[in-house]
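J.: Here you go, one structure.
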Amino acid sequence: MDFATQPVLKVDQATIFQGIDPILSNVSFSVEQHEFVFLIGKTGSGKSSLLKTLYADLPLRSGKVEIAGFDLNKIKNNEVPFLRRKLGIIFQDFQLFNDRSIAENLAFVMKATGWKDKGKIKERMAEVLLLVGLNNSSSKMPHQLSGGEQQRVVIARALLNEPSILLADEPTGNLDPDVADGIFKLFQEINKKGTAVLMATHNHDLLRKYPYRVLKCEAGKLLDSQTHDVSFGSPY
Ligand SMILES: Nc1ncnc2c1ncn2[C@@H]1O[C@H](COP(=O)(O)OP(=O)(O)OP(=O)(O)O)[C@@H](O)[C@H]1O
Ligand SMILES: [Mg+2]
């Protein structure tokens, strides 16, 4: 009998489109719950397009994708928010509301995703802020935090609903190398606690330093270091 767990993400023969243009074709790969995976490729090669397809921002027109228990071939528009609650989505630009405190930023997402009990909201908020090392910052405004601290808030926000997988699109792109390293370590900690991570990056120092699996967008295909010899080469 097979006791292996289901992968958290399974892509089978998918084509990734921007409008009518195919960007990546024949995309097939799976990510297991414990995995940390880098997504690399030159600028314009399709990393963000792939991630957007995975969180249902771009439609899946061809092939199969199952992610966090959702079948993207069958998902209806009104189910997309439920999918997104199971995914932690992190972008390069921080996207915090600048006119609200950190606590208000987090509470906004929690209310929008069905949290009602004030005590539980407070408790979960404190937990995620502690996890990212910002337990004393809930009353601060975003502009009172550094870029790296703001990115930690964004990560805390992505963790609120205990996602099965984090999809991160160049989360350290705007940060200085030391701060980026700290953010990266935070991702590793989150991964060790059982959340899969798929992280798009141009940071080839990270690739050299941490021998995780690599998916590479190249010439309209997705190469997988599990089955191909993927070279890091130049980051651009
Ligand atoms: N909104 C859009 N409408 C039409 N085409 C787009 C759109 N966004 C991206 N593209 C095109 O899709 C292709 C892949 O872009 P994508 O943003 O996925 O690349 P990327 O690998 O994330 O690049 P970068 O490293 O610069 O972020 C590019 O040719 C780009 O011009
Ligand atoms: Mg991109």
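Just so it is clear, none of the values below were taken in a lab; they were calculated from the coordinates. This structure is a prediction, so every number in the text was calculated from the model and none was measured. Counting neighbours? That spans all protein chains shown, and the Cβs are built from the backbone with ideal geometry, glycine included.
J.: Out of segment 55-86, which residues are surrounded by 12 or more Cβ atoms within 10 Å (Cβ to Cβ), assigned to a loop (DSSP other than H, G, I, E, B) and touching a residue at least 40 places away in the same chain (Cβ under 8 Å)?
T.: Matches in segment 55-86: Y55, L58, L60, R61, A68.
J.: Kindly check whether there is at least one residue in segment 90-100 that is in a strand (DSSP E or B) and within 16 Å of ligand 1 (Cβ to nearest atom).
T.: Scanning segment 90-100 turns up at least one residue that is in a strand (DSSP E or B) and within 16 Å of ligand 1 (Cβ to nearest atom).
J.: A follow-up question, please. Conditions: (1) over 25 Å from Q6 (Cβ atoms); (2) surrounded by 20 or more Cβ atoms within 10 Å (Cβ to Cβ). D229 meets all but one. Number of the miss?
T.: Only one criterion is unmet by D229, namely (2).
J.: Mind checking which residues of segment 191-210 are closer than 28 Å to G69 by Cα, in contact (Cβ under 8 Å) with a residue 40 or more places away in the chain and either more than 16 Å from ligand 1 (Cβ to nearest atom) or surrounded by fewer than 19 Cβ atoms within 10 Å (Cβ to Cβ) (or both)?
T.: Step one: list which residues in segment 191-210 are closer than 28 Å to G69 by Cα, which gives 191-201.
Of the ones still in play, those that are also in contact (Cβ under 8 Å) with a residue 40 or more places away in the chain are 191, 194-201.
Selection gives N191, G194, T195, A196, V197.
J.: Taking segment 161-185 on its own, how many of its residues are touching a residue at least 12 places away in the same chain (Cβ under 8 Å) and assigned to a helix (DSSP H, G or I)?
T.: 6
J.: Just to be sure before I move on: is V11 hydrophobic (A, V, I, L, M, F, W, C) and over 24 Å from T172 (Cα atoms) in the structure I sent?
T.: On the way: hydrophobic (A, V, I, L, M, F, W, C): yes; over 24 Å from T172 (Cα atoms): yes.
Answer is yes for this residue.
J.: Would you pick out the residues in segment 186-204 that are under 26 Å from P7 (Cβ atoms) and either part of a helix (DSSP H, G or I) or small (G, A, S) (or both)?
T.: Matches in segment 186-204: L186, F187, Q188, E189, I190, N191, K192, G194, A196, A200.
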